[in-house]
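In what follows, a structure is listed as structure tokens, so that the remarks can point back to it.
The values are calculated or read from the model by the stated rules, or taken from the named source; none is laboratory data. This structure is a prediction, so every number in the text was calculated from the model and none was measured. Counting neighbours? That spans all protein chains shown, and the Cβs are built from the backbone with ideal geometry, glycine included. Ligands, DNA and RNA are excluded from the accessible area calculation, which covers all protein heavy atoms including side chains. Shrake-Rupley method; radii C 1.70, N 1.55, O 1.52, S 1.80 Å.
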Amino acid sequence: MAMPREEGPTPQPSSTLDYDAIIVGAGISGMYQLYRLRELGLRVRVFEAGTGVGGTWYWNRYPGARFDSESYSYGYSFSQELLDEWDWGEHFSGQPEIERYCNHVAAKFDLYRDIQFSARVIAAHFNEVGRHWTITLGDRSQHTARFLISAIGLLSAPTMPRFDGIEDFRGPWAHTGLWPKGGIDYDGKRVAVIGTGASGVQAIQEIAKTAGHLTVFQRRPNWCTPLHNGPIPKEEMDEIRAGYPKLFELCRQTAACFVHTIDPRGTFEVSDEERIAFWEDRYAGKGFGIWQGNFRDMLTDRESNRLMSDFVADKIRQRVKDPKIAELLIPNDHGFGTRRVPQETNYYEVYNQTNVSLVSMLEEPIERIIETGIRTSSRDYEFDVIVYATGFDAVTGSFDRIDIKGAGGTPLKEKWTGGPRTFIGLMVDEFPNMFMIMGPHAALGNNPRSIEYNVEWIRDLLRYATERDLTLAEATPDAVENWHKFVLEKAEGLLSNEIDSWMTGINLNVEGKQTRTIVRYSGTAPEYRARCDEVAEADYAEMHMD
Ligand code: N01
């Protein structure tokens, strides 16, 4: 049985609060949480900063934005009717189709009526006596609820470089993660793209098709591998649909919920010929297979990782005509797969086009933005459009941007100085009645699969609490500490944790994010779910419930 709290003042009755639960964000997480909490008969309000649903797929409308997980594995799985009626147009669908899908879901399940758009949550404070949260919006209006659920995404706080002069530029400019709804006209224009992560790579290969001239400013290159996208004809969609039960079962079993299964063989348990044939097969295969379906030791064994990196480096050399450019595009500061692998379609071939040039910022750093373009250490470049594909203050950044204060007024940002600590990625001690969907140290990977799991876990806890008239649910410091130890244990030996990237909490554009921390849970999703299930099955005995 859950541990009761000491006697204290009577909590504010739910009926006097504006809502039972407030959800922050109307992306894939927030929409599904709303749907599930409504089933409990709770009064729920979603506050969303944008003017439409979709979250990531609402904001990231930059040219070329698309899934790089198989569309049919990346939608919701909870509704057979939805699965039956929605046909995906491409194996890796583009943003416009995904946004349409999100709106289809919102309309189908009548979600809009409980979502308040253009409502950015700027503060959330816990009231210990009343056992409720008070939320403040950008317009200063305040709203109360017993429970607060963050559905704010782990890559949703865009970061700009700290260059002087950004505002001086006379032409249109935008960050990929805040792309204007009306788009930016770049056809025939001189365009700069800064950044070559997953967003930059998608944008570059699209913009290069019609830009007058595209100049890519690359700091550190990434290992990119082919997406192998294509349309899904009707008959193939029918086959995919018939295979949904198997597909989602597979996602439940794999380490990061993808459709790709890690090969149980070690890299050196096969002959050189077999190894190369296997990697060729993966390189020719769809999506993340080459990353998530590689030899079991490729991301832990240095020699295996080196060979794999050499294999991909040779592919880059084969695809890029100018050997000097090819070498600039080959990473030498990290091995394959130790940062998130951008997925590409003719990305490397773009650099063979006469309308594309590459500036290595390691050789020629940007000094500042000027009215007419970009000044580097060697010269001024003139541009009509500048695209910042410079990433996000990941994982904790979207929390940091809200003034969240828990019991006793502790700011969450302060509590997470030195790195986040959570209980199963869903709760934080001293922040009662607050739940995070895809919070730090929850299972990542094929996110919609993890989101559905997180949402249902939270729904079950809220059902448990409301059925028993419990008004307080809080992770204990011990529970947080134990989970943290487990997270650290699981991070051991992974080469990716030795590398600077958003996955290790690094963002050179953000004050205080220059030291590597373990911001990701690196165990498997099945292990994660087993641990969460254990907590629920034990009636949340590891928590304070009162
Ligand atoms: O961001 P990133 P992203 N000066 O941080 C460069 C997901 N995603 O938006 O590597 C110069 O990966 C920076 O350079 P460096 C996915 O999980 C999913 O591309 O720091 N350059 C880097 O090249 C992904 O991992 C999809 O040296 C600067 C780039 O900007 C995550 O989002 C699609 C700079 C940032 O790369 C983030 O991807 C897209 C500066 N001051 C993204 N600051 C899907 O398809 C930064 N850079 C689902």
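Kindly work out what percent of the DSSP beta bridges joining two residues of the chain are antiparallel, to the nearest 5.
Rounded to the nearest five, the antiparallel share is 40 percent.
Which value, in Å² rounded to 10, gives the accessible area of residue 108 with a 1.4 Å probe and all protein chains present?
Accessible area of residue 108: about 60 Å².
Can you give the local net charge around residue 266? Use residues other than it whose beta-carbon is closer than 15 angstrom to its beta-carbon, Lys and Arg +1, Asp and Glu -1. Show your work: numbers first, answer last.
Working: positive: 265, 275, 296, 302, 306; negative: 263, 269, 272, 274, 297, 301, 303.
Around residue 266, the surrounding residues sum to -2.
Which entries in the list 286/315; 108/234; 209/234; 415/485; 209/315; 209/321 go over 20 Å, if you measure between the two C-alpha atoms of each?
Cα-Cα > 20 Å for 108/234; 209/234; 209/315; rest within.
Any idea what the relative contact order of the chain is, in percent, if you count C-alpha pairs under 8 Å spaced at least 6 apart?
Taking the mean separation of contacting Cα pairs over the length of the chain, I get 21 percent.
Provide the net charge surrounding residue 369, with neighbours chosen by a C-beta distance below 10 Å and charges set as Lys +1, Arg +1, Asp -1, Glu -1.
Details: positive: 368, 375; negative: 164, 167, 168, 367, 371.
Here the count lands on -3.
Is it possible to state the helix-based mean residue ellipticity at 222 nm for the chain, with each DSSP H run of 4+ residues giving -39500 (n - 2.57), the sum divided by total residues, to the nearest 500 deg cm²/dmol? What is it?
Per the formula, -9000 deg cm²/dmol.
Determine, for each peptide in 212-220, 76-84, the mean count of other beta carbons within 10 angstrom over its residues, then list the peptides with the highest first.
Ranking, from highest mean packing down: 212-220, 76-84.
Alpha carbons only, please: Rg and Dmax for segment 61-116, in angstrom.
Considering segment 61-116 through its Cα atoms, Rg and Dmax are 12.0, 32 Å.
Please compute the contact order of segment 120-217 in relative form: average sequence separation of alpha-carbon pairs under 8 Å and at least six residues apart, divided by the residue count, as a percent. Walk me through the intermediate numbers first.
Details: 96 pairs, mean separation 16.3, N = 98.
Relative contact order for segment 120-217 comes out at 17 percent.
Among 429-435, 46-52, what's the highest-first ranking by average C-beta atoms within 10 angstrom per residue? Don't jump to the answer; show the numbers that get you there.
Numbers: 429-435: 23.3, 46-52: 19.7.
In decreasing order of mean packing, 429-435, 46-52 become 429-435, 46-52.
By how many degrees, 0 to 90 and rounded to 10, does the Cα axis of helix 28-39 deviate from the longest principal axis of the chain?
Helix 28-39 sits at roughly 20 degrees to that axis.
Under a 1.4 angstrom probe, counting protein chains only, how are 459, 140 ranked by accessible area, largest first?
140, 459
Around residue 208, what is the net charge, scoring Lys/Arg as +1 and Asp/Glu as -1 over all other residues with Cβ under 13 Å from its Cβ?
Net local charge, residue 208 excluded: -1.
Of the GluC sites (Glu not before Pro) in segment 271-377, which ones lie in a loop per DSSP and count no more than 11 other C-beta atoms within 10 Å?
363, 371
Can you find, among 446, 431, 491, the residue sitting farthest towards the positive end of the charge dipole of segment 420-518, where Lys and Arg contribute +1 and Asp and Glu -1 at Cβ?
446
How far is helix 244-253 tilted, in degrees, relative to the longest principal axis of the Cα atoms in the chain, given as a value from 0 to 90 rounded to the nearest 10?
Taking Cα atoms only, the helix is inclined about 80 degrees.
What accessible area per residue, rounded to a whole number of Å², is obtained for the chain using a probe radius of 1.4 Å?
40 Å²
So which GluC sites (Glu not before Pro) in segment 472-542 pass both tests, a DSSP loop state and at most 10 other Cβ atoms within 10 Å of the Cβ?
The qualifying sites are 492, 511.
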